Every structure is written in C-alpha cells, then in structure tokens.
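The values are calculated or read from the model by the stated rules, or taken from the named source; none is laboratory data. In this text, all values refer to a predicted model and were calculated from it rather than measured experimentally. What goes into the accessible areas is simple: the full protein's heavy atoms, side chains included, and nothing from ligands, DNA or RNA. Shrake-Rupley method; radii C 1.70, N 1.55, O 1.52, S 1.80 Å.
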Amino acid sequence: MLGALQKILRRKQLKKPLTTRIARQEISVKDQMFAVVDTLKGRGGKSSFDELFPYEDKSTIIVTFLSILELMKRQVVSVEQQNNFEELF
C-alpha cells in the first residue's frame, strides 16, 4: 500500500506547476470516505487504486489514502493485488 501511495505522489509531483499559490483547504477523512464509497458504487464496486486519486494536491491525496485505510480497517472495502508489484484493485 505504501509503495502504491509513493507511486501516486511521484506521478502527481511531475504534473506540479513551477510556481504555486497555496490555499488551505480542510478535508475530513470521514467526508473522503463517503466520496471513495460513492466512487466505487459508481464504478460497479470495483476500481483500480489509481482511479481513486484524481486529485492534484498532496493533502487531498493523503486524506484519500487515509480514508481508504480506514475503510479497509472497517472492512467496508478490500484491496486486492494479483501478484507482487502489480496494480492494486
């Protein structure tokens, strides 16, 4: 899971603009948990791990990752991987 998060953060960093204006935005893990569940419902209950991170900003990516971990802990969602180093679903 940590490797997948690092891969997403590296990919988003490549798209980062050279100059950035930062505006603080509060995002709750609880709200993001609902967003992840809604996304999965809209995709028939299954989605690739990368598709759950359409966001550009690091804070939203981190909150989304934490919400997925919490959903896994509560056994609301499960994450599967066929073989080592393959895509997560």
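Kindly indicate whether residue 89 is on the phi > 0 side of the Ramachandran plot and modelled with pLDDT under 75.
Values: on the phi > 0 side of the Ramachandran plot: no; modelled with pLDDT under 75: yes.
No.
Suppose the filter is of a type in the set (Lys, Arg) and under 12 Å from the mean Cα position of the chain (by Cα); does residue 41 pass it? Working first, answer last.
On the way: of a type in the set (Lys, Arg): yes; under 12 Å from the mean Cα position of the chain (by Cα): no.
The answer is no for residue 41.
Modelled with pLDDT of 85 or more, on the phi < 0 side of the Ramachandran plot and open to solvent by 60 Å² or more (accessible area, probe 1.4 Å): is that true of residue 52 in this structure?
Working: modelled with pLDDT of 85 or more: yes; on the phi < 0 side of the Ramachandran plot: yes; open to solvent by 60 Å² or more (accessible area, probe 1.4 Å): no.
For residue 52, the condition - modelled with pLDDT of 85 or more, on the phi < 0 side of the Ramachandran plot and open to solvent by 60 Å² or more (accessible area, probe 1.4 Å) - is not met.
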